[in-house]
């Protein structure tokens, strides 16, 4: 069994949701069968979207320092329950010599298994992810079309909902914002939607939407459990 390192705090509630899902998905019958995790909750990491869109302070240094701290603490691999932070994934990887799971690639594999006949994928995510085309770069080479909301929906519904949760509002209070954005993507012919910001699954689930909703916290948790459960000699 491997020890998991988690770079958390982006935001704190999303990190807790991810950790809860790791625990729920672990087939443990007693305390001693759960996974070893070292979590670095570092909410002081600069805003990822602001860095991408407005060239404000980059989070790269803080992300690299967080990864090195976890590596020095003895973890075998690292996960980052923040989609926008994956903009700096290669830089973080190059700073350490242990694996980092790629949330976007994991989501792609989930889509290929769960919805292989669907080609129009809607995403609810941050402006930073849209601007950097993280999903397009991974998905379009596999024949998928990524659908993003119109600018007004993105600003007034998705980003508002995300930042309201980060500000401490109850996720249930912004549920209607995310559902409105889902309806908009379905009208654009989305066949499946990815909740591609780790705050969004706090508010809506697959049972709330007219098409299947992929929860990035859940798919990352699934792969984390699988990867941690491998015999160390297998990787």
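Read-outs: derived from the displayed coordinates by stated rules, not from any lab. Just so it is clear, the structure is predicted and the values come from calculations on it, not from any experiment. Quick reminder, even Gly has a Cβ in these numbers, built from the backbone with ideal geometry, and neighbours come from all protein chains shown.
Descriptive notes on the structure:
- Helix axis angle, 103-114 relative to the chain longest principal axis, alpha carbon, degrees: 70 degrees
- Among 128, 11, 74: highest mean-square fluctuation, GNM of the chain, C-alpha pairs under 10 Å: 74
- Residue order, fewest to most surrounding Cβ atoms within 10 angstrom, among 225, 79: 225, 79
- With R₀ fixed at 22 Å, the C-beta to C-beta distance from residue 170 to residue 23 puts the FRET efficiency at about 0.50.
- Mean separation of Cα contacts under 8 Å, 6 or more apart, over the residue count of the chain: relative contact order %: 26 percent
- Stretchable slack from residue 226 to residue 207, in nm (0.36 nm times residue separation minus alpha-carbon distance): 4.3 nm
- Helix 60-72 and the long axis of the chain differ in direction by around 30°, with both axes built from C-alpha atoms.
- Averaging Cα coordinates gives a centre for segment 11-60 and one for segment 181-209; these two points are 21 Å apart.
- On the beta carbon distance between residue 57 and residue 151, with R0 = 35 Å, the FRET formula returns roughly 0.90.
- With Cα atoms, 0 to 90° folded angle of helix 175-187 axis to the chain main axis: 70 degrees
- Additional length obtainable on full extension of the chain from residue 32 to residue 91, 0.36 nm per residue less Cα span: 17.7 nm
- Nitroxide proxy distance, nm - points 7 Å out along Cα→Cβ at residue 133 and residue 160: 3.0 nm
- For segment 1-50, averaging the sequence separation of C-alpha pairs within contact (under 8 Å, six or more residues apart) and dividing by the residue count gives a relative contact order of 57 percent.
- Highest-first packing order for the peptide set 153-160, 81-88 is 81-88, 153-160, based on the mean count of other beta carbon atoms within 10 Å.
- Percent RCO, i.e. relative contact order, over segment 103-215, from Cα pairs under 8 Å lying at least 6 residues apart: 31 percent
- Gaussian network model of the chain, springs between alpha carbon atoms under 10 Å - residue of 53, 19, 185 with greatest fluctuation: 53
- Segment 102-138-segment 158-172 distance, computed between alpha-carbon centres (Å): 22 Å
- Computed per residue of the chain from DSSP H runs no shorter than four, each worth -39500 (n - 2.57), the mean residue ellipticity at 222 nm is -12000 deg cm²/dmol.
- Of the three principal axes defined by the Cα atoms of segment 74-184, the extents in descending order read 42, 37, 24 Å.
- FRET efficiency estimate (nearest 0.05) - Cβ-Cβ, residue 140 to residue 50, R0 25 angstrom: 0.45
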